[in-house]
Amino acid sequence: MLTPLDPNDLPAVLEICKAAMPNDEITADILLEKTFASQGAERAFHRGYRGTDGHLSALIWAASFESTAGRMGGIRILAVRPQDQRKGIGTLLLKPAEAYCWASGAAKIWMMAMPGNYLTAGIDASYLGSLAFVESVGYVHTGTAHDYACDLSILHETATRLRERVPNEFKIRRATFRERSRVINSAKLLIRGAEEEIECALRRTPPGVFLCLCAKQLVAFIAIEGNNPGTGSIGPLYVCKEYRRLGIGRALILEGMKDLYSRGYHKSLLPWTAPILSDFLYRELKARKVRTGLIFKKSSS
């Protein structure tokens, strides 16, 4: 039987997600951020599957969002207890969630890689059963996301060296919450879909957003812990096209890492890392790849 989820279900949801996604770092705080504490939670589609014993054994959480390519749908969470998989429960949950997304005007549906407030950056490449399932129900592999982890103990020397490489006309500083409208509006224009992460980071104390300005013009920004709290996540990062390859993005990453280190973190996580940063992460930061996620989407046509 399918029923809407309730905040009281979150302990069971956490147990299910940990069992279904053993390689992913999932906590109660993260799940709350993805579900009932997320922006637009009151408009989201969510259902749990309960067996004849009344216990929750599977769930789905879906939402629609605006992107630079128009309205999209996203399956933020789809998890089934391992012992209840291959019984048609995933398909039973997915059909009404997809109908909700299409009815919202979505042109595509992202599977487990919903920009802006994602639980995971795609489906872990080791989850072979999950990969086979999403392909069997019409989702197409469209990209690959790599997550990197970095030991923050190397920071001081590296941060000083990289900061010196940024031309003097660029100033990097922490954002204030009073600048919220400016930063959010810029994000909507430059990297639409990331507003929720930036909003969450701005609400931290002190705000977890760093800006790069040139003659008072905002040319780049980065959010720290705007997604998946407690994991030391860094991003989204955006640098305006005409200011790329000047070391600004790298300097902003270092500012974020210093912020995390000052708050007691020993490692940082850079999810969904762009290929252009891979060499920098390996060479300068001694980062290691800790996860490969596969991105799947389904089109309405």
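No value in this document is a laboratory result; all are computed from the given coordinates. Bear in mind the structure is a predicted one, so any value in this text is a computation, not a measurement. No Cβ is skipped: glycine too gets one built from the backbone with ideal geometry, and neighbour counts run over all protein chains shown.
Ranking TYR148, ALA63, LEU78 by how far each Cα lies toward the positive end of the dipole of the chain (charges on Cβ) leaves TYR148 at the top.
Extension gain, ALA107-HIS141: 0.36 nm per intervening residue step, less the Cα-Cα distance, totals 10.6 nm. By DSSP, the beta bridges lying fully in the chain are antiparallel in about 95 percent of cases. Using a cutoff of 8 angstrom between alpha carbon atoms and counting only pairs six or more residues apart, the relative contact order for the chain works out to 21 percent.
Annotation for segment 188-232: trypsin sites (Lys or Arg not before Pro) lying in DSSP loop with at most 12 further Cβ atoms inside 10 Å of their Cβ are LYS216. Roughly how many whole Å is it from the C-alpha centroid of segment 69-147 to that of segment 236-301? The two parts, judged by their Cα centres, are 24 Å apart.
Label positions at LYS289 and ARG244, each projected 7 Å from the Cα along the C-beta direction, are separated by 2.0 nm.
Once both labels are positioned 7 Å from their Cα atoms along Cα-to-Cβ, the gap between HIS55 and GLU169 label points is 6.5 nm. When only C-alpha pairs under 8 Å and at least 6 residues apart count, what is the relative contact order of segment 12-95, in percent? Taking the mean separation of contacting Cα pairs over the length of segment 12-95, I get 27 percent. Remark on ARG47: its backbone amide H falls under 5 Å from those of LEU5, ILE60, a criterion applied only to residues 5 or more positions apart or on other chains, H modelled at 1.01 Å from N.
Residues in segment 88-115 near a label at ARG43, defined as backbone nitrogen under 12 Å from the 7 Å Cα→Cβ point? 104-106, by backbone N distance to the label point.
Remark: segment 2-138 carries a charge dipole of roughly 420 debye about the Cα centre, counting +1 on each Lys and Arg Cβ and -1 on each Asp and Glu Cβ. In whole angstrom, segment 171-301 maps to an equivalent ellipsoid with semi-axes of 21, 19, 17, each derived as √(5λ) from the alpha carbon gyration tensor and ordered largest first. The modelled label-to-label distance between LEU213 and ILE154, using points 7 Å beyond Cα along the C-beta direction, is 3.3 nm. Its Cα centre serving as origin, segment 167-301 has a Cβ charge dipole (Lys and Arg +1, Asp and Glu -1) of approximately 140 debye. Here the Karplus relation 6.51 cos²θ - 1.76 cosθ + 1.60, evaluated at θ = phi - 60°, turns the backbone of segment 171-178 into coupling constants of 10, 10, 8, 6, 6, 10, 5, 5 Hz, with x for every Gly and Pro. Dipole of the chain computed with +1 at Lys/Arg Cβ and -1 at Asp/Glu Cβ about the Cα centre; of LEU294, PHE36, SER136, farthest Cα towards the positive end is LEU294. For the chain, the square roots a ≥ b ≥ c of the C-alpha gyration tensor eigenvalues yield an a/c of 1.5 or more together with a/b exceeding b/c, which makes the shape prolate.
Each Lys or Arg adds one and each Asp or Glu takes one away; over the other residues whose Cβ falls under 14 Å from the Cβ of ASN228, this sums to -3. Sort segment 14-89 into rounded, prolate or oblate with this rule: let a ≥ b ≥ c be the square roots of the eigenvalues of the Cα gyration tensor; rounded if a/c is under 1.5, and if a/c is not under 1.5, prolate when a/b is larger than b/c, oblate otherwise. It is prolate, given that a/c is not under 1.5 and a/b is the larger ratio. Taking amide H positions as modeled 1.01 Å from N, with prolines and chain starts lacking one, the residues under 5 Å from SER67 and 5 or more places away or on another chain are MET72.
Label segment 2-138 by shape, choosing from rounded, prolate and oblate, from the square roots a ≥ b ≥ c of the eigenvalues of the Cα gyration tensor; if a/c is under 1.5 it is rounded, and otherwise prolate applies when a/b is larger than b/c, oblate when it is not. Rounded. Entry note, segment 192-301: relative contact order of 19 percent, from Cα contacts under 8 Å with a spacing of 6+ residues. Think of it as helices only: each DSSP H run of n ≥ 4 in the chain is worth -39500 (n - 2.57), and spread over all residues that comes to -9000 deg cm²/dmol at 222 nm.
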